[in-house]
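None of the figures in this text is laboratory data; all of them are computed from the coordinates on show. Remember, it's a predicted structure, so these values are computed and weren't measured experimentally. With ideal geometry, Cβ positions are generated from the backbone for all residues, glycine too; neighbour counts draw on all protein chains shown.
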Amino acid sequence: MRFPGFLLLGLTLATPAWAETVALAPIKDNTIFSESGTLSSGVGSDVYCGRTSGANRRALLAFDLSSVPTGAIIDSVQLQLTLTHVPTDTTPRKIRVFRVLADWGEGASDSPLGQGAPAQTGDATWLNTFFPSSTWISAGGDVAVSASDSLTVGGLGSYIWHSAGLAGDVHGWTSQTFANYGWMLIGDEVNTRTARGFSSREGGSPPQLTIYYSVATPVKPTTWGKIKLRYR
């Protein structure tokens, strides 16, 4: 028996998907300081990464992704940060984004201009995931071997990291392939006076993670008999 072409097409179409977008601010962020295991900046208005005249700073960011369905297809991801502090040496520097492998905390420490403040209970530090008891396996934070993305930043303003690596991280988190502990920003730690400050979630221009995703819509199964009846 032969059937009209449009009927065959109706049976072979892929499951439709609806595109969605969600924009998120961090649920926590922090800066850790290499010169001391007791410094942090949990509620500071900026997070820092890079090197000062003799020590390193690394920034931590984490987002609540519960609004993205577990089975969503992650189409693309954008991480937007606003650069608020630049050293005297304004040479553009690369900022890399690494997936964090252990949970960490944001306490009540408040550091002015990236100098570091005494860590408070629950703060992440260079040595601690949660000050003063829980520690990283490796000083400076436990992160993936390879960066998920990198971007060269220069003067003040807004910058967007956008890569398949970031989308892969978000897919892994939303599909529960691995735990969501957020990202770490690591700047130029070879040259001195390369540290950059970005607005934190407590600052005037908080970080924003924009996720573009698709959700498949289930198609109700049918039979040739029902199709023939419908189009008779």
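Structure notes:
- Fully extending the segment from THR70 to THR192, taken as 0.36 nm per residue of separation minus the present Cα-Cα distance, adds 39.6 nm.
- Between the amide H of THR84 and those of GLY197, PHE198, SER199, distances stay under 5 Å, these residues lying 5 or more places away or on another chain, with hydrogens modeled in the peptide plane.
- For chymotrypsin sites (Phe, Trp or Tyr not before Pro), the sites in region 167-208 that DSSP calls loop and that have at most 15 other Cβ atoms within 10 Å are PHE178.
- GNM remark for the chain: springs join alpha carbons under 10 Å apart, and the peak mean-square fluctuation among PRO207, PRO112, PRO26 falls on PRO112.
- Projected label distance in nm at GLU20 and ALA144, using a 7 Å step from Cα toward the beta-carbon: 2.3 nm
- Acute angle (nearest 10 degrees) that the helix 164-174 long axis makes with the longest principal axis of the chain, alpha-carbon atoms: 80 degrees
- HN-Hα J in Hz across region 116-121 - Karplus 6.51, -1.76, 1.60, θ = phi - 60°, x for Gly and Pro: x, 10, x, 4, 9, 3
- The chain - Kirkwood radius from inverse mean 1/r over Cα pairs (Å): 19.4 Å
- Centroid-to-centroid, using Cα positions, region 97-173 and region 21-77 are 5 Å apart.
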